[in-house]
Amino acid sequence: LNNCTASDDAVVYVQSLTVNAGSDVTICKNDNTILTATGADTYSWSTGQTTPSITVSPSSTTTYRVTGTKSGATSSDDVVVFVNNLPNVSAGANQTICRGSSTVITASGANSYSWSTGATTNYISVSPTSNTTYYVTGTDNNNCKNTASVIITVNIPPTANAGPDKTIYKGATTDLTASGGGSYSWSTGAITQTISVSPTTTTTYRVTVTLNNCTASDDAVVYVQSLT
């Protein structure tokens, strides 16, 4: 001004913008986790979300990137979510038993187990009175869990009846007729429902009745009297 000069300075301070997507995370398959970014005013995730925190549930190991903006500057950071597979837990094949019987069911595929009965062994002995489904949750070394089930079908045993006791005279023959099943097996070796017997002394005859792979037995006594 008026052929005179003067000078002044303006300083522009430059700061680095550091966005942090958080530490890497390990989860089990089907689980979810929360990722939280810090260091900026606004955020944009590779998922398309724009909130500082997002919930993710990847089915396999996935890298997520967040870009943060503050005062016109941007910075990005990555976070990896490692996904452990679930244990391949099995409770064994479905089984059929007769009411009153027991069976053992065995779990496999994990390191520790918890049954719906409260047991924590890998196998349990059960004796249900009706059709029952048993569940087992197995946990592996990564603390991942999976559940399996097994169905125990319970058949009702037959009610065996060898018929009434009988009294005959020595030398006579009588018939014994069983009931209650689909098939019959007598202590004489006969497999018919009715058998003819002619004992010379008082004799007990046993029949085993089978129905739906379940069995039951009953006795009939034939008393022999001498004819005098």
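The values are calculated or read from the model by the stated rules, or taken from the named source; none is laboratory data. Quick caveat: nothing in here was measured; it's all calculated off a predicted structure. Note: ideal-geometry Cβ built from the backbone for every residue, glycine included; neighbour counts use all protein chains shown. Quick note on the areas: whole protein, heavy atoms, side chains included, nothing else; ligands and nucleic acids left out. Shrake-Rupley method; radii C 1.70, N 1.55, O 1.52, S 1.80 Å.
Quick notes on this one:
- Residues (outside any loop (DSSP other than H, G, I, E, B) and over 17 Å from ILE152 (Cα atoms)) located in the range 90-129: SER108, SER112, TYR113, SER114
- Selected residue (criterion: farthest from the chain's Cα centre (by Cα)) from residues of the range 45-71 that are part of a strand (DSSP E or B) and in contact (Cβ under 8 Å) with a residue 24 or more places away in the chain: LYS70
- The strands (runs of 3 or more DSSP E) located wholly in the range 181-228 that include 3 or more residues which are under 42 Å from the mean Cα position of the chain (by Cα), surrounded by 15 or more Cβ atoms within 10 Å (Cβ to Cβ) and of a type in the set (A, V, I, L, M, F, W, C) occupy 203-211.
- Filtered residues of the range 131-163 (kept if of a type in the set (S, T, N, Q) and either touching a His at 6+ places or on another chain (Cβ under 6 Å) or under 16 Å from ILE105 (Cα atoms) (or both)): ASN131, THR132, THR133, THR137, THR147, SER149, THR153
- Look at the range 134-146: where a residue is within 18 Å of ASN94 (Cα to Cα) and modelled with pLDDT of 95 or more and a partner is outside any loop (DSSP other than H, G, I, E, B) and among the charged types (D, E, K, R), sitting 6+ places away or on another chain with Cβ atoms under 6 Å, you get THR137/LYS145.
- Members of the range 188-217 that are in contact with a Lys or Arg (Cβ under 9 Å, 6 or more places away or on another chain), of a type in the set (S, T, N, Q) and closer than 30 Å to GLN95 by Cα: SER217
- For THR159: the one exception among (1) assigned to a loop (DSSP other than H, G, I, E, B); (2) within 18 Å of VAL222 (Cα to Cα): (2)
- Pairs, first open to solvent by less than 80 Å² (accessible area, probe 1.4 Å) in the range 83-94, second among the aliphatic types (A, V, I, L, M) and assigned to a loop (DSSP other than H, G, I, E, B), C-beta under 6 Å, six or more apart: PRO87/ALA110; VAL89/ALA110; ALA91/ALA107
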